[in-house]
Amino acid sequence: MKKLIVLLMLCFSFLSFSQNFNSSKFVKETGTMLYFNPVSVSSGFGVFGFNLSVSAGIVDISQSTWNSAIPSLDNTITFTEVSLRKGLTDDLAVGITLRDYSDINSNSWGISANYRLIHGNALFPSVVARVTYSNLTGNSYMDAYSYSAGLFASKGILFFTPYGGVSYLKSHVKYKGDLLPHFSNSESQVLIMGGVRMSLLPVLNLNAQVVKGEATVYRINASVKF
């Protein structure tokens with residue numbers, strides 16, 4: 001009888017705990033975490049051009065939401081990243097990005113395509129359209145992916161290039177862990193991104209960026225462009 005009472009109490013506690021879990025917020029924050037964005041949004045590469053970059057970043061998350069699904073997390077997730085983009089024409093470029101999230105023992109990979117719509121000049125900014133796809137790998141407790149489409153603009157001022165844009169992001173998470181009942185949800189959101197690039201040398205750039213969605217991502221980057 002005592003064992004039955006204990007079992008019922010545990011079940012009740014588990015159900016009460018899971019009912020307080022905000023799966024929509026978790027899926028949206030996971031999508032924001034997976035989202036990757038360009039470091040020089042309107043620059044053309046040409047047929048022979050390419051851009052190689054390394055980054056480090058912090059994702060500001062809801063600690064209570066994530067700890068419901070993945071224990072022992074603080075309110076941030078850190079990542080490192082390497083990215084390669086290759087020009088196909090003067091205006092079209094494709095890229096691949098690899099990330100490591102050491103705090104959650106996971107990795108992600110992503111692909112992207114950029115097309116420059118407007119060539120900037122002394123008065124007007126450059127504008128580019130961009131699509132991405134990202135996939136989370138390396139763990140056993142959840143599958144996740146996201147895809148986005150957006151518009152970005154930039155305008156060079158001496159050695160600095162401020163840039164910004166907006167993206168529609170769709171993300172999907174399938175949770176398979178032990179702390180919550182398994183679920184599979186999709187959510188969409190709008191992301192706003194802003195940053196500045198500083199050109200130190202003709203081929204070397206430094207960047208600082210902020211992406212704001214359900215979570216906030218802070219990222220610094222160094223890149224070489226040929």
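The values are calculated or read from the model by the stated rules, or taken from the named source; none is laboratory data. All values reported here derive from a predicted model rather than from experimental measurement. Positions of Cβ are generated from backbone atoms using ideal geometry, with glycine treated the same way; all protein chains shown enter the neighbour counts.
A few notes on this one:
- Filter pass, Arg85 being within 18 Å of the chain's Cα centre (by Cα), at pLDDT below 95, within 28 Å of Leu117 (Cβ to Cβ) and charged (D, E, K, R): yes
- Beta carbons closer than 6 Å, at least 6 apart along the sequence or on distinct chains, pair a first residue in segment 125-142 that is in contact (Cβ under 8 Å) with a residue 24 or more places away in the chain with a second that is basic (Lys, Arg) and part of a strand (DSSP E or B) for Val128/Arg116.
- For segment 164-204, residues that are touching a helix residue (DSSP H, G or I) at 6+ places or on another chain (Cβ under 8 Å) and of a type in the set (S, T, N, Q) total 4.
- Condition met for Gly150 (within 20 Å of Val190 (Cα to Cα) and either part of a loop (DSSP other than H, G, I, E, B) or of a type outside the set (S, T, N, Q) (or both)): yes
- For Val173: the one exception among (1) β-branched (Val, Ile, Thr); (2) over 22 Å from Tyr218 (Cα atoms); (3) surrounded by fewer than 22 Cβ atoms within 10 Å (Cβ to Cβ): (3)
- Among the residues listed as Leu179, Leu151, the single one being over 21 Å from Thr65 (Cβ atoms), surrounded by fewer than 20 Cβ atoms within 10 Å (Cβ to Cβ) and of a type outside the set (D, E, K, R): Leu151
- Against the conditions (1) assigned to a strand (DSSP E or B); (2) over 18 Å from the mean Cα position of the chain (by Cα); (3) more than 30 Å from Asp90 (Cα to Cα), Ser140 satisfies every one except (1).
- The listed residues are Ser167, Ser186, and the only one of them that is modelled with pLDDT of 95 or more and touching a Gly at 6+ places or on another chain (Cβ under 6 Å) turns out to be Ser167.
- Verdict on Ala215 being at pLDDT 95 or above, more than 23 Å from Ala113 (Cα to Cα) and surrounded by 15 or more Cβ atoms within 10 Å (Cβ to Cβ): yes
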